[in-house]
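What follows is one structure encoded as structure tokens, with my remarks underneath.
The values are calculated or read from the model by the stated rules, or taken from the named source; none is laboratory data. Treat the numbers as computed from the prediction; the structure is a model and nothing was measured. Ideal geometry is used to build each Cβ from the backbone, glycine not excepted, and the neighbour counts take in all protein chains shown.
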Amino acid sequence: MRAQAWRRDVGSYGFVKEIPSRYADVDMERHLNNAAVQGLHTEACIGFQIQTIGVKEWQWEWLLQPLSTDTHFLQIAYFPAPVQCGVRLTHIGDDGCTLAVGLFQDGVCVGVQDRRVALWRNGQKAVLPAAVQDALLRQHAPLDPPGAEAELSAVDLESANRADQYPAASLLTPRLGDHDSDWCLSAFALGRYVEQARTHVLSDAFKLAGVDVGNGPFSIVLARSRINFLARRAPLGNIGLTGHVIRIGGSSIEVRVAIFDDIGCIATSDNVMVLLHRENNRPAPIPAKLRGSLEVR
């Protein structure tokens, strides 16, 4: 996906929406935090749906929700510059469609995403009506499918959605603001939960190794995040955030997390983080002591 040249050209997208950046989304490193960037992708896709399907139809009948997202974070986005968000249809079928999203700031592509969306009815995926398919095709002729890799294999998914597979776990209480207009956990909230879960996994490992990514010589950034949305429902009881390290490279760490309620798994996510030298933002080799603490996470 990130290798496709057209993805980094805002003129390649049939729908473009400018969204102001917010100071409330600035993190401790003084750039837009990862969950906020994920939210910009969601806002762009909602704007695309409204323009294509119509406000009333989108709001009351045909709100398309994500099945999976595959996001590459290419550059750091900063406040206060606005973000141009481009959306283009790349594939469509009875089971849903795939949207290519690009985020641009000051003319530079800061991130791209493939988002698979579908119509949900009563918590279940439904056939995409012909009227919706026709509306999409009238305004946005699809490209060939880009080969998104967001969905886990059946074997991986069976393992990923079992809570006992994760050595790191924590609980949080969902808030009213975490619901969407259908009284289900929103894509925005699940993005924040994924962020919290992977941070929980890594912060303990970094603390054990004595590596301070807040003030020390290293920082860590998110390079890629793939989320699989497995259920749509109101949260029941506390939310369980679980995760573990599944791969350690020379400078990169891949963390798999899963989100649970009292019924079962709501979402899974694979996340690639990169350790950087703070002085030049170049990849840094993972120190031996940190590697050791990560291997037990």
field: Every residue from the range 285-295 that is touching a residue at least 40 places away in the same chain (Cβ under 8 Å) and either farther than 20 Å from Val201 by Cα or loosely packed, with under 12 Cβ neighbours inside 10 Å (or both)
entry: Glu295
message: Of everything in the range 233-273, what is over 16 Å from the mean Cα position of the chain (by Cα) and crowded, with 20+ Cβ neighbours inside 10 Å? Give them in sequence order.
response: Pro235, Ile239, Gly240, Thr242, Val245, Ile253, Phe260
task: Would you please list the contacts, defined by Cβ atoms under 7 Å and residues six or more apart or on different chains, that run from a residue in the range 237-266 that is closer than 20 Å to Leu172 by Cα and in the same structural domain as Tyr193 (by TED's automatic domain parsing) to a residue that is assigned to a strand (DSSP E or B) and acidic (Asp, Glu)?
output: Arg256/Asp270
- line: Considering residues that are assigned to a strand (DSSP E or B) and either over 16 Å from Thr42 (Cβ atoms) or out of contact with any helix residue (DSSP H, G or I) (no Cβ under 7 Å at 6 or more places or on another chain) (or both), the number found within the range 100-116 is 7
- request: Please indicate, with yes or no, whether at least one residue in the range 94-108 is among the hydroxyl-bearing types (Ser, Thr, Tyr), touching a strand residue (DSSP E or B) at 6+ places or on another chain (Cβ under 6 Å) and in contact (Cβ under 8 Å) with a residue 40 or more places away in the chain.
  value: yes
message: If I ask for residues that are under 16 Å from Met273 (Cα atoms) and assigned to a loop (DSSP other than H, G, I, E, B), which ones from the range 181-233 would you list?
response: Val211, Asp212, Val213, Gly214
query: From the residues in the range 117-146 that are of a type outside the set (A, V, I, L, M) and part of a strand (DSSP E or B), which one is surrounded by the most Cβ atoms within 10 Å (Cβ to Cβ)?
result: Trp120
query: Which one is nearest to Gly191 (Cα to Cα), of the residues in the range 1-55 that are basic (Lys, Arg) and surrounded by 15 or more Cβ atoms within 10 Å (Cβ to Cβ)?
result: Lys17
- request: Would you check if Ile227 is in the same structural domain as Ser269 (by TED's automatic domain parsing) and surrounded by fewer than 18 Cβ atoms within 10 Å (Cβ to Cβ)?
  value: no
query: From the list Phe79, Phe104, which one is under 19 Å from Gly14 (Cα atoms) and aromatic (Phe, Trp, Tyr)?
result: Phe104
